[in-house]
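Read through the structure below, which is laid out as structure tokens, and then see the notes.
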Amino acid sequence: TPRREGDWGAQYAGRLNECWNVAHGSEFPCTSEGEVASAGGAAVSNSSLLETAAANLVQMKAGQVFLPLLDNLLRRCSYGFKRLFPIAVGVLKENKDQTCKGLGIVSIYERFMAELRSSYDSFVDRLEHDCRTRLEDDLIMFTKTIEWDLFAAAAHNAEGCQEITQEQTRKRVLDIMDARPAAWSEAEGTPSRLRLDSDGYRRISAMAARMFAGIRFFFVKYVHNKMNAFFLDPMQQQAGAAVVNHFYELPTKRLEDMFLDGVDRLRTLTSKLETQLQLCSQQRDKFKEMYHSVKKSTDELYEVQMKS
């Protein structure tokens, strides 16, 4: 029903939460030695900068995992926003308020309503395309050049943000700056000195998995903000103006054709109504004649009875 389907705010929030749950539940995919070697390229063959292999590997895997999530989320949100149009029209038609009386007349102009629906759907499609481009670009940007310390610093969450002393702030900054990259330890040596053997494959996969966990954490955060800023907010603030501007930009001839088509339908409807009115008038006149005839007979009979 329109009342149930129209609660789109709750549905939008629910679809975001479903996406976040799936994203948080996504683990680093299984990786073969061939994929590790392919991700390293020339760097691996020269046994140098094997961290590059881990970065390339996590970039590839992050795209495989998160891009389908983005596509699913955007498609579902677009479908929900497009469903609002027929729901809103149906609710307004059922509304008995004086302010909605004109909608019944406007709905007769099918070409106008189709153009209105088309302009609204096109606006939603533009928002989806813009938001998709931004999200995909951000994911590529976020995984293209990876700061090793980024994920180590992310582990230092703020505690007791209300009353932080300068000494606590200084200690937190020193801990972040002095921390070694989380992707390896001194026992393992730096990635660039690793040999490409079975142990090297394992270490590269482990580094990539750690980076994937960090990307997953920030992915959820920035997607949530981008969806609200570039999809939800424009729908609330710009949809009406976009539809109005669309009709302002239409040629006068096209607008005339839309409403003239409706005028022809109104004329046909008027002809039908006039015929029905004529029939009703004839039935009314017959009813009046019958009424007067019965009344006259009744009055005469009453007079006869009174005389007798």
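The values are calculated or read from the model by the stated rules, or taken from the named source; none is laboratory data. Here the structure is a predicted model, which is why all the values come from computation and not from measurement. All Cβ positions, glycine included, derive from the backbone under ideal geometry; neighbour counts span all protein chains shown. Side chains are part of the model used for accessible areas, which takes the heavy atoms of the whole protein and leaves out ligands, DNA and RNA. Shrake-Rupley method; radii C 1.70, N 1.55, O 1.52, S 1.80 Å.
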Looking at the stretch 103-122, I want the residues that are within 18 Å of Lys93 (Cα to Cα) and at pLDDT below 90 and have a partner that is open to solvent by 50 Å² or more (accessible area, probe 1.4 Å) and not in a helix (DSSP H, G or I) with Cβ atoms under 9 Å, at least 6 apart or on another chain. Which pairs are those?
Leu103/Asn95
Need the failing condition index for Leu84 against (1) hydrophobic (A, V, I, L, M, F, W, C); (2) modelled with pLDDT under 85; (3) touching a helix residue (DSSP H, G or I) at 6+ places or on another chain (Cβ under 8 Å); (4) in a helix (DSSP H, G or I), just the number.
(2)
Is it true that Thr275 is open to solvent by less than 100 Å² (accessible area, probe 1.4 Å) and under 55 Å from the mean Cα position of the chain (by Cα)?
yes
In the list Asp175, Asp138, which residue meets the criterion of being out of contact with any strand residue (DSSP E or B) (no Cβ under 8 Å at 6 or more places or on another chain) and modelled with pLDDT of 80 or more?
Asp138
From Phe247, Phe219, Phe230, residue being at pLDDT 85 or above, open to solvent by 40 Å² or more (accessible area, probe 1.4 Å) and under 28 Å from Tyr12 (Cβ atoms):
Phe230
